[in-house]
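See structure below.
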Amino acid sequence: MKITSKLPGTGTTIFTVMSGLATEYNAVNLGQGFPDFEMSEELISLVDKAMKDGYNQYAPMPGWMPLRQAIAEKIYSLYNLDADPSKEITITPGGTYAIYCSLTAILHTGDEVIVMQPNYDSYIPNIIINGATPVLVELDLPGYTVNWQKVAKAVTSRTKAIILNSPHNPTGSILSADDIQQLRKIVAGTNIFIVSDEVYEHIVFDGVPHQSILRYPDLYERSFVCFSFGKVYHCTGWKMGYCIAPPELTKEFIRVHQFNAFSTNSTVQVALAEYLKNKNAYLSLASFYQQKRDYFIGAMRQTKFDLFHSSGSYFICASYAQLSDEPDRDFCIRLTKEIGVTMIPVSAFYQNGKDDKVVRFCFGKKQETLERAVEKLVKFER
């Protein structure tokens, strides 16, 4: 029997390809975004305790209430949003899942969704599989900033949503307060939804506040705001996240969620509810990762890579134009094989494969990992 694919243009993700090569060639993997250092022993112990205490069966479909209450307290203290944990917070198996359910809840055939490029690779397949059309707006180099005039021109009568991502993957750029004002002007008086990917909310550098959509009541009323515990607590393999949305939007989100995953890991939810009481565990993330960013930038000055600025996330992009004129994918594959350092070609984050001779590094690694990578890159000529 033959299946007519809903995603005929989609193959194996670049992350799978490059991580596979990194393993094959025993390369230092600065490609895929996951830490190589251990997570909190306290959180591990809390999971162990929850399991031994019997929290091993289905959790309530929207999530364990003490965890939702802890999240509500957290976002009130950070963003002054008084969210109802019973009506506005849903625990999900990862941030990517939350984005998928958000889009599935609102999209119909013929709708359009504005996506800024380069972009996290799940957005466009999520849109297409729901019968909608991605409308692509390129971020402006060299800072990968949003050109709001381009966004405004992309809005049509069929525009159903705009996807935001700050801090931004893959570029490390962030939205400013001025960006938020520009967004407000565009969506005011429309029925356009916002899907805001804020999984790196606590990894914003240089003392700049994170411009969460949760800060702005007029934007929140039309938004699904998606988060990840994996990025916060160095446990990406847990696939734990959550979505915050107004009650009417959450109702539609739940309709998708209940027939998809239905509920999320009970044991981990119980542990997270307790661990969220430790505010320093997430409030210290910015300084923790900024030290890694600054070390990596300083060390990379020994190479011919031209690093761009990273204002948030644990990613930084770099031009290799001084080193080679080959396509970025070929360049990344060659460096993995020849010198043993893996990075991600930024063209993979463009629907049209736009190649600016830029690669993405993940600096969310142990210092010795970064040191080994830089040592190898320093020796690379051409």
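The values are calculated or read from the model by the stated rules, or taken from the named source; none is laboratory data. Not measured: the values here are computed from a predicted model. Here Cβ is always computed from backbone atoms with ideal geometry, including for glycine, and neighbour counts include all displayed protein chains.
Can you list residue pairs whose Cβ atoms sit under 6 Å apart, with the first residue in the range 172-189 being among the acidic types (Asp, Glu) and the second being in a loop (DSSP other than H, G, I, E, B) and modelled with pLDDT of 95 or more? Count only pairs 6 or more apart in sequence or on different chains. If the second residue must be in a loop (DSSP other than H, G, I, E, B) and modelled with pLDDT of 95 or more, the pairs left are Asp179/Val146.
When the range 61-88 is filtered for residues that are surrounded by fewer than 21 Cβ atoms within 10 Å (Cβ to Cβ) and in contact with a strand residue (DSSP E or B) (Cβ under 9 Å, 6 or more places away or on another chain), the ones remaining, listed by number, are Met61, Gln69, Ala72, Leu81. Yes or no: Val115 surrounded by 15 or more Cβ atoms within 10 Å (Cβ to Cβ) and within 26 Å of Leu183 (Cβ to Cβ)? Judged against the criteria, Val115 is a match. Applying the condition of being touching a residue at least 40 places away in the same chain (Cβ under 8 Å) and touching a strand residue (DSSP E or B) at 6+ places or on another chain (Cβ under 8 Å) to the range 190-207 and asking which residue is farthest from Phe253 (Cα to Cα) yields Phe205. Can you name the number of the only condition in (1) crowded, with 24+ Cβ neighbours inside 10 Å; (2) of a type outside the set (Phe, Trp, Tyr); (3) out of contact with any Gly (no Cβ under 9 Å at 6 or more places or on another chain) that Met240 fails? The single condition Met240 does not satisfy is (3). Only one entry of Lys251, Lys231 meets the criterion of being within 21 Å of the chain's Cα centre (by Cα), of a type in the set (D, E, K, R), assigned by TED's automatic domain parsing to the domain that holds Gly131 and not in a loop (DSSP other than H, G, I, E, B), and that entry is Lys231.
Does Val270 count as under 17 Å from Pro93 (Cα atoms) and more than 19 Å from the chain's Cα centre (by Cα)?
Criteria met by Val270.
Mind checking which residues of the range 357-382 are part of a loop (DSSP other than H, G, I, E, B) and surrounded by 15 or more Cβ atoms within 10 Å (Cβ to Cβ)?
Let us first name the residues in the range 357-382 that are part of a loop (DSSP other than H, G, I, E, B), namely 357, 363-366, 379-382.
If the condition is that a residue be part of a loop (DSSP other than H, G, I, E, B) and surrounded by 15 or more Cβ atoms within 10 Å (Cβ to Cβ), then Lys357, Phe363, Gly364, Lys365, Phe380 are the ones that fit.
Just to be sure before I move on: is Ala281 of a type in the set (Gly, Ala, Ser) and out of contact with any helix residue (DSSP H, G or I) (no Cβ under 6 Å at 6 or more places or on another chain) in the structure I sent? Steps first, please.
On the way: of a type in the set (Gly, Ala, Ser): yes; out of contact with any helix residue (DSSP H, G or I) (no Cβ under 6 Å at 6 or more places or on another chain): yes.
Yes; evaluated as a whole, the condition is true for this residue.
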